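Working notes, structure below.
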Amino acid sequence: MLGRIILISILFYIIYRIVRFFQRLGETSPQKYQKRTQPGSKVMVKDEMCNTYIPEDEALKEVKDGRTYYFCSSACRQKFIQERKKK
């Protein structure tokens with residue numbers, strides 16, 4: 001009798017582990033296995049109008065006289081263009 005209880009318990013445990021294994025396969029998100037970027041690995045650039053730093057790939061760009069200027073928003077970019085026209 002005790003042997004049957006132990007055998008049934010082991011069988012239920014094995015079934016439980018198999019079910020959990022397949023549940024975890026379905027739960028895995030692609031983000032879990034993507035390479036994570038290191039903090040500070042993005043190049044930060046300075047907005048010339050409001051003096052904030054933003055990632056280069058997110059910044060708006062304006063090239064004047066061979067120099068590239070970066071902006072956090074179109075409002076800062078427009079303000080820069082207006083000030084350049086005054087000069």
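Checking the structure you have, find out if any residue of region 40-62 is loosely packed, with under 10 Cβ neighbours inside 10 Å and modelled with pLDDT under 85.
Within region 40-62 (the criterion being loosely packed, with under 10 Cβ neighbours inside 10 Å and modelled with pLDDT under 85), the answer is yes, since at least one residue qualifies.
Can you pull out every residue in region 63-73 that is modelled with pLDDT under 90 and surrounded by 10 or more Cβ atoms within 10 Å (Cβ to Cβ)?
Lys64
Is region 74-87 home to any residue that is outside any helix (DSSP H, G or I), surrounded by 13 or more Cβ atoms within 10 Å (Cβ to Cβ) and at pLDDT 80 or above? I'd like the intermediate steps shown before the answer.
At the first step, the residues of region 74-87 found to be outside any helix (DSSP H, G or I) are 87.
Then drop every residue that is not surrounded by 13 or more Cβ atoms within 10 Å (Cβ to Cβ), which leaves none.
Scanning region 74-87 turns up no residue that is outside any helix (DSSP H, G or I), surrounded by 13 or more Cβ atoms within 10 Å (Cβ to Cβ) and at pLDDT 80 or above.
The values are calculated or read from the model by the stated rules, or taken from the named source; none is laboratory data. All figures in this text were calculated on a predicted structure; none of them were measured in a lab. Methodologically, a virtual Cβ is constructed for each residue, glycine included, from the backbone with ideal geometry; neighbour enumeration extends over all protein chains shown.
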